[in-house]
Amino acid sequence: MSRSRTVLLALAVFVCTAAQSSFAIPAFARMYGTSCSTCHIDFPKLNDFGKAFKDAGFKFPKDDDSFAKIPPVMLGAPAQKEIWPKTIWPGVIPGMPPISVRYASFFQVLSKNRNNFNSTPAAIGDFVPRTDFQDGTLTLLMAGSFGSGVSFWIDDDIAAGGSGAAGGMGDAWLKFNLSNVFKLPNDALSLRIGQFELDLPWSQARTWNLSGWDIFDQPNVGTGSDFVNNSFSISSGTQGVELSGGHSYGGYHYSVAVVNQNTSGAAPGPANVGSGGDGFFSDSNFKDLYGRVSYRVNLERDAESRKGVQAAGATGPHDHTYIDVGAYGFYGRSVQRLDTGSTILTAREPFYRVGASASFNYRTFNLFGTYMYGHDKNLVLNTAGDGLASGEPVHFSGGFVEADYMALPWMMTSLRWDSVNSASDRLNGVDGAGFFAPFHSTRTRITPGVQFLIHPNIKAAFEYQIRPEQVVTDPTTGDIVTGPFRTNSAVAGLDFVF
């Protein structure tokens, strides 16, 4: 029952703890003397110009020098390129410190019967308050270009969830455009090194919603009889190297990454061997692999507009009408250990995540979504109790569909459907009730929302998360042991960057 309660409590307070690291960078607005809306539809959601700016290494796609109001500082003379390697290759640094700050705070209201899953009598500590103000996250953001096709990004949560709470490093990387080095078409090959979010179809770390997409945060956990407790989620930040190329505003895009095994696991049994008693970071003897490919077709009738960074029409530049389709996959191994009393068993269990994505955009309307399947090999104790044997794999599936519409230049409405079908959730006693009972859907929610730009750098947002009625059952007998309850929540947020 404790695992079931943990799942339900996590659902109830998810938004309060899911303040996203890394939003827009107003330092770019200062550098170019322009508005945040030049690159963002509704920050941090990028328009096509913002995507081209990012692809170009945080520079204007064309004639960057003529648009920059604060010129960069030259680190050496351009003529040094002619006598390299007898001198240091020249570079640049931003003409002003490219530092921005973001702060977000939240207020939530939960369903009246949110505590019905408590045992009878209720255990101390299980109570979830109905209303709550939540301190958000204070984040330091830095990004820019070092010239010669080298760009950088750093974001650090100085404080998360209130005064004195520990923050943490988000992304911190250098990216090198290698196309000219190997005489390839422009932007055909780049190398990124450092700590970064995987190249997902939509960034979970920089989502414009108040809450992230559930499927990207899904770990894989088995039942008590399984040997799978893989904490990895595909939205997890990681360390490694990535090769990528193409453009996100038209045509092809690809990425291939080799990254650390950022997985930890706690196994059932007599004793776990690991830090803190609840798992450990793997020993990284095996590096994990991630890849994504996508292709976007712009649908403007005019050929020049179709190939442009932004489509042009009678009312001026606007985002293209386009269709984008893609696929992505991750392959890794989770490392878990079990002390049987007579020996310590180590299981290196292969796992994979595969998904497909699609997006359709028409002017100010965007419809997009993904489906993802997760599969972990399950090594369990053999009948003799002194070794491991293959058991039934542990898996999950799900995805989301979201529609965003800019009703006004300063107001975006949205409607989202998230669903994760996890066999381990159901087997641990969490199940649907009422209308949703036949679907066994423990992680489904419908989320309408609206966001308002008070200023280009100040945003107010509201979401109402509608979840199906649930019950908790005894996983051995199937008997219902709680009354029906919901974890619906209304969440308001205020976000500003400078």
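Among the residues making up segment 14-42, those that are modelled with pLDDT under 85 and under 30 Å from Asn488 (Cα atoms) are Phe14, Val15, Cys16, Thr17, Ala18, Ala19, Gln20, Ser21, Ser22, Phe23, Ala24. Taking the criterion of being outside any strand (DSSP E or B) and open to solvent by less than 50 Å² (accessible area, probe 1.4 Å), the residues of segment 383-392 that qualify are Gly385, Gly387, Gly391. Taking the criterion of being open to solvent by 20 Å² or more (accessible area, probe 1.4 Å), in contact (Cβ under 8 Å) with a residue 60 or more places away in the chain and over 16 Å from Gly251 (Cα atoms), the residues of segment 291-338 that qualify are Pro317, Arg333, Arg337.
Hey, does segment 155-166 have a residue that's over 24 Å from the mean Cα position of the chain (by Cα) and either at pLDDT 80 or above or open to solvent by less than 50 Å² (accessible area, probe 1.4 Å) (or both)? No; the residues of segment 155-166 include none that is over 24 Å from the mean Cα position of the chain (by Cα) and either at pLDDT 80 or above or open to solvent by less than 50 Å² (accessible area, probe 1.4 Å) (or both). Where strands (runs of 3 or more DSSP E) fall wholly inside segment 297-355, the ranges with 2 or more residues that are closer than 30 Å to Val256 by Cα and among the hydroxyl-bearing types (Ser, Thr, Tyr) are 322-339.
Can you tell me which residue is nearest to Leu140 (Cα to Cα) among those in segment 63-79 that are without any contact (Cβ under 8 Å) to a residue 12 or more places away in the chain and surrounded by fewer than 16 Cβ atoms within 10 Å (Cβ to Cβ)? Going through the qualifying residues, I end up with Asp65.
Inspection of segment 249-256 identifies at least one residue that is touching a Leu at 6+ places or on another chain (Cβ under 6 Å), within 30 Å of Cys39 (Cα to Cα) and open to solvent by 10 Å² or more (accessible area, probe 1.4 Å). Restricting attention to segment 389-396, does a residue exist that is at pLDDT 95 or above and either aliphatic (A, V, I, L, M) or farther than 22 Å from Gln261 by Cα (or both)? No, there is no match, as no residue in segment 389-396 is at pLDDT 95 or above and either aliphatic (A, V, I, L, M) or farther than 22 Å from Gln261 by Cα (or both). Checking segment 364-377 against the condition returns no match, with no residue being modelled with pLDDT under 85 and either open to solvent by 40 Å² or more (accessible area, probe 1.4 Å) or over 30 Å from Phe60 (Cβ atoms) (or both). Does Ser397 satisfy the criteria of being within 17 Å of Ser235 (Cα to Cα) and surrounded by fewer than 20 Cβ atoms within 10 Å (Cβ to Cβ)? So Ser397 fits the description; yes. Selection within segment 179-215: residues that are closer than 20 Å to Tyr249 by Cα, among the aliphatic types (A, V, I, L, M) and open to solvent by 40 Å² or more (accessible area, probe 1.4 Å). The member of this set that is modelled with the highest pLDDT is Leu191.
Within this structure, Phe152 fails the test of being at negative phi, open to solvent by 70 Å² or more (accessible area, probe 1.4 Å) and modelled with pLDDT of 90 or more.
The values are calculated or read from the model by the stated rules, or taken from the named source; none is laboratory data. The model shown is predicted, which means the values in this text are computed figures rather than measured ones. Virtual Cβ from ideal backbone geometry, glycine too; neighbours counted across all protein chains shown. Accessible surface is based on the protein model in full, side chains and every heavy atom, while ligands, DNA and RNA are left aside. Shrake-Rupley method; radii C 1.70, N 1.55, O 1.52, S 1.80 Å.
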